[in-house]
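Just below is one structure, and these are the notes that go with it.
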């Protein structure tokens, strides 16, 4: 523990911009001017196609930002542009307010952790982690000390002499992280940091990472295609689509109010249908759904989050169509159910309209083939722009 | 963790250091480069440069004696066989690489003279050289140094075992008794091969040699590309050929081959295993000349004089397996004991050779190789 | 909470900024081009001064006569059916030799790269030995294999000498190592996991090899094929000794026209024909290889080797060992045996004679040529590594016709007649600033000309296989481009570099062609000394030639073993 604390202190003190009294990410910038990283109309083209299309983005100091998007949406290009590995075709990248045009990657002071780690196969673990400090001409003693403390930090104490080929995926990932952290980058960028790991390890590591970055006060820009990972890691989420930014906000904001159907579907929400909102209700194929107050009137696309699909034991043998319609209950057949840790995701085939996803407690979950009655919670009904 | 890099660097350093050391050894050992600069510095130089072919050789002690007598040190540049060396000298005649060229023979002499390679110089001891080898006697642009005869050699053991008399003349070679016994060299790629063709042409005339070769061919003459192959691999009489299971008891080689076959053999045999068909010989004469544009003319002249001196002439036979041209030179005992005496070798004038050579080579190719 | 807004930002103002930034991207590209240019500068200068200029000089001397360009000669020479016949034979024997060499040596490459068995390193060094042997020497050993009472004669009753088969088999003998070393260098580092993965997905062993390993190996196979082709295309001694006078190649013709007939115009035209043929081959090679070189997962070669398992692999090992024994070891053994077979029984007389100066062939004792050869070869290897290494570094990123042209230029010396280069040196490097008329440097320079293409061909596939993101990872960690090269590329390529250095060294040790035409002060190399000894009658001369050849083999094998052990160890071997 002492070691870690020492490490944290050292890291924060060596970072000239760190706020020593408040080393966590609590201190948020309040103005664009203090952004550590800023992209202005950043554009990268591969031939005719724009991989980054006039993207504006800012990351504040100590902030953890996750860039989320399907593959090919330009996430990785964004990181490469910031790192200086790919020159911009238009626009600017600023770090600490300084235009990075013409600054080669090794002088930008940013760290980048690659998707598949890209550990140097010819070097052992210590050689990999110590690489950055060595490039920055850190004296040997200091370097060895730093390697030791970082390996301790990532949970691989004493692994210096191990061959990288002999490491498991999770260990490689930790070494890659230690390597990226070692030269104390002012901005750490992670490209699908947990991409190749199995689920449980990923879930555990993402929490560890967030805690670690919080302790160290690291500014992080991470790209991932996994929303769970992004939401668990980030202070702020940026969703990308076709080289542009589709939405940005806190995980909660994005989760609660997806900017459009693309974002919603990308987040895994598939219960979406056409609707016309009038007053406090929306008319859909599923019937009439309650909507939260303030929902814009008129036609729209309507999303129901799984948590808003409430199941009740179906009025078993004898259906009562009249009453069901009156109460807004929708009869559905359970098509599939998937265990997700503490709850079960249930796929429903309604008697009319597209499929619905519901979420319910383990014990209350219906079985496949059951027929259930569905009602909707207005809190989880969201109107998306048509 | 840095072992890898360190070892890589040290390996490189080691290699570089080794190179430097070796290079240093080389320049101190051969002392070539420094002397080269001296040559360039002008007439007062104490180095005289001899340009020659790969076969040139002289004893260290003999060259040392030259230095003692004249104060000049000899530097030898050698490159390629005789033909290549002459051609190189012609190509570089505007920037000659040395002062004296040695190694142009009568088959190439016209080419060298026509290209103006040499400056006239009458060597001191020319009186000791028979007139018939002084092929440029009128102008003295070249000085004869040595002669050698290209002759058919035979495997004594074979002919003894088969109770057959070895052939002696060109005419013998087409006799049925010697069918499938002779191996010779391609006239396009081998100097003894060409000499043998010239010998046949000198014997049968411009119009007659073709017919002779047709007979040779039907008598089973084998042709290989080089003397090395013919003598070391195909000939059954040489020690190398015996190892290589050569099965041709007749080969076109040199009159000096028999003594060479006994050098290093103990106890000394009564006879060389190889004999010479003395009626099949063509004489090659090698010349030296002062290169046009030589930096050290005085040194060059001294060197030519020295090459005609008894010291050098008597050293040559065992160094280059050639005969001295000087009439009062004493041959080494091994030559006297095992060498063949060739009294009437075939000869052709350099002008005839120059005029006919290409046609003959072409015709020979058509007759023998097709 | 962040206040930063994002947007699609295609608003006003981006347009004019784009203009400026396009400049930035262009500047980055320009910078990359400059770096490449700087890397290429030295190799370019080297090849221009020591290849382009001399060859142009000798060709120019041939075609420019009597104050006029004699282009009419081109038509004359090409119209000659004999010349066309020679060209045809030159090409097809080279193609056939290349195919046969690949067929026999690719299994050898696998076995020596992937199978772990006692004596593997020694064997790898031994198969490279033929490469350095003067063809005169090896040719005569080959007669023992294929000639009268030779191996094939006594076993099968077939005499193959003076048949075209003798030429082809001898070419396999000389070039076996080219394939083993070029392809094996990469093969040893290919991740077996990928092939295993393909097999897990249901592909059979052969299918997995064909789909996964072969495509990955293709660039180095093509490189090896190219080098074998160029070597056999310019084959001289083998054709002369084993083919007999009826077989002639362009190389033999150029030699004859230059060194014997002294018909420089014809030689010049033939040289141009040779160039044209070589360029055509290079174009074909480029076309085959382009877009097939890809980033591969390279691993530590020590991890990929395994003990031969299963009857299949043991049979393969056996077959390879049999081929090596027959085609490589047997001829070598003949030479060694002859070096001890003195007129007075088996003994060391020939070796003792190497130490004396009274043999008459040299003013130095023959054994001193070992030192000369090592010195020249060391210098030539350093030159070839520097020149070839820089060129390979410049060529790593494929792009542009210009660069491809440069790549081809580097290979040209391999396909150029030694006599052309030797004579070119002679008339081109004779005046300031390049007055090297009697400098000992001429020899290693000529040797490096042949060695450098090897370095490029061996290193390039490996360099191109290095994952670019490893370099990026290093750059982001603070490594400048130079450090990236040193820290990422160099360790990855060190094995290939050692192989390339071995090649360059072996090439230099054995180089005879150009060296023999370069008149130089009396420090003959081993092959030159062997040739001089062979050119004289008598058992002592011949025996010394065999002894010196044996020394040459030993020196070559020892040097290669040392070079391979200099190779940097992999990580983890702390």
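The values are calculated or read from the model by the stated rules, or taken from the named source; none is laboratory data. What you see is a predicted model, and the numbers here were worked out from it, not measured in a lab. We place every Cβ from the backbone using ideal geometry, glycine too, and count neighbours over all the protein chains shown.
Observations on the model:
- In the set (1) more than 25 Å from the chain's Cα centre (by Cα); (2) without any contact (Cβ under 8 Å) to a residue 40 or more places away in the chain, residue B:189 fails one condition alone, (1).
- Whichever residue in region B:326-368 is part of a helix (DSSP H, G or I) and closer than 17 Å to residue B:170 by Cα and, among such residues, is farthest from the other protein chains (Cβ to nearest Cβ): B:364
The rows are residues; the columns are (1) in contact with a strand residue (DSSP E or B) (Cβ under 9 Å, 6 or more places away or on another chain); (2) at pLDDT below 80; (3) surrounded by fewer than 24 Cβ atoms within 10 Å (Cβ to Cβ).
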residue	(1), (2), (3)
C:199	no, yes, yes
C:222	no, no, yes
C:232	no, no, no
C:238	no, no, no
C:270	no, no, no
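- Considering each residue of region B:217-230 in turn, at least one proves to be part of a helix (DSSP H, G or I) and more than 14 Å from chain C (Cβ to nearest Cβ).
- Residue list for region A:129-154, filter: touching a residue at least 24 places away in the same chain (Cβ under 8 Å) and either more than 9 Å from chain C (Cβ to nearest Cβ) or part of a strand (DSSP E or B) (or both): A:129, A:130, A:146, A:147, A:149, A:150, A:151, A:152, A:153, A:154
- Look at (1) crowded, with 24+ Cβ neighbours inside 10 Å; (2) closer than 25 Å to residue B:369 by Cβ; (3) under 17 Å from the mean Cα position of the chain (by Cα); (4) at the interface with chain C (Cβ under 10 Å from one of its Cβ atoms) and you find that residue B:256 fails only one, number (2).
- Test: residue in region C:153-170 that is modelled with pLDDT under 80, assigned to a helix (DSSP H, G or I), buried (at least 23 other Cβ atoms within 10 Å of the Cβ) and in contact with a helix residue (DSSP H, G or I) (Cβ under 8 Å, 6 or more places away or on another chain): no
- Subset of region C:505-545 that is in a helix (DSSP H, G or I) and in contact with a strand residue (DSSP E or B) (Cβ under 8 Å, 6 or more places away or on another chain) - its residue that is farthest from residue C:367 (Cα to Cα): C:539
- Reported count of residues in region C:214-256, each being more than 14 Å from chain B (Cβ to nearest Cβ) and either touching a residue at least 24 places away in the same chain (Cβ under 8 Å) or not in a helix (DSSP H, G or I) (or both), is 21.
- Residue in region C:35-42 that is more than 25 Å from residue C:452 (Cβ to Cβ), modelled with pLDDT of 85 or more, surrounded by fewer than 16 Cβ atoms within 10 Å (Cβ to Cβ) and touching a helix residue (DSSP H, G or I) at 6+ places or on another chain (Cβ under 8 Å) present: no
- Residue match in region A:59-74 (condition: outside the structural domain of residue A:232 (by TED's automatic domain parsing), assigned to a loop (DSSP other than H, G, I, E, B) and either within 29 Å of the chain's Cα centre (by Cα) or surrounded by fewer than 21 Cβ atoms within 10 Å (Cβ to Cβ) (or both)): no
- If you go through region B:82-96 and keep only what is within 16 Å of residue B:52 (Cα to Cα) and more than 7 Å from every other protein chain (Cβ to nearest Cβ), you end up with B:82, B:85, B:86, B:89, B:90, B:93, B:96.
- Number of the condition not met by residue B:137 [criteria: (1) in the same structural domain as residue B:258 (by TED's automatic domain parsing); (2) without any contact (Cβ under 8 Å) to a residue 12 or more places away in the chain]: (1)
- Scanning region A:250-280 for residues that are assigned to a strand (DSSP E or B) and in contact with a helix residue (DSSP H, G or I) (Cβ under 9 Å, 6 or more places away or on another chain) yields one hit, A:272.
- Answer from A:154, A:206 - the residue that is assigned by TED's automatic domain parsing to the domain that holds residue A:225, surrounded by fewer than 24 Cβ atoms within 10 Å (Cβ to Cβ) and closer than 26 Å to residue A:76 by Cα: A:206
- Search result, residues across region B:63-80 that are more than 10 Å from chain C (Cβ to nearest Cβ) and in contact (Cβ under 8 Å) with a residue 40 or more places away in the chain: B:65, B:66, B:69, B:70, B:72
- Qualifying residue in region B:194-206 (condition: part of a loop (DSSP other than H, G, I, E, B), surrounded by fewer than 22 Cβ atoms within 10 Å (Cβ to Cβ) and without any contact (Cβ under 8 Å) to a residue 60 or more places away in the chain): yes
- Lone unmet requirement of (1) farther than 30 Å from residue A:58 by Cβ; (2) more than 9 Å from chain C (Cβ to nearest Cβ) for residue A:121: (2)
- For the criterion of being surrounded by fewer than 23 Cβ atoms within 10 Å (Cβ to Cβ), more than 12 Å from chain C (Cβ to nearest Cβ) and under 16 Å from residue A:108 (Cβ atoms), residue A:186 passes.
- Listed by first and then second residue, the pairs linking a residue in region C:470-483 that is facing chain A (nearest Cβ under 7 Å) and touching a residue at least 40 places away in the same chain (Cβ under 8 Å) to a residue that is part of a helix (DSSP H, G or I) and buried (at least 24 other Cβ atoms within 10 Å of the Cβ), with Cβ atoms under 8 Å apart and 6 or more places separating them unless they lie on different chains, form an empty list.
- Being touching a residue at least 24 places away in the same chain (Cβ under 8 Å) and either assigned by TED's automatic domain parsing to the domain that holds residue A:356 or within 19 Å of residue A:70 (Cα to Cα) (or both) holds for only one residue in A:291, A:254, and it is A:291.
- Enumeration of residues in region B:67-84 that are more than 19 Å from residue C:440 (Cβ to Cβ) and touching a strand residue (DSSP E or B) at 6+ places or on another chain (Cβ under 6 Å): B:67, B:72, B:82
- Remark: residue A:215 matches the filter, which requires a residue to be in contact (Cβ under 8 Å) with a residue 40 or more places away in the chain, more than 17 Å from the chain's Cα centre (by Cα) and either in a strand (DSSP E or B) or assigned by TED's automatic domain parsing to the domain that holds residue A:82 (or both).
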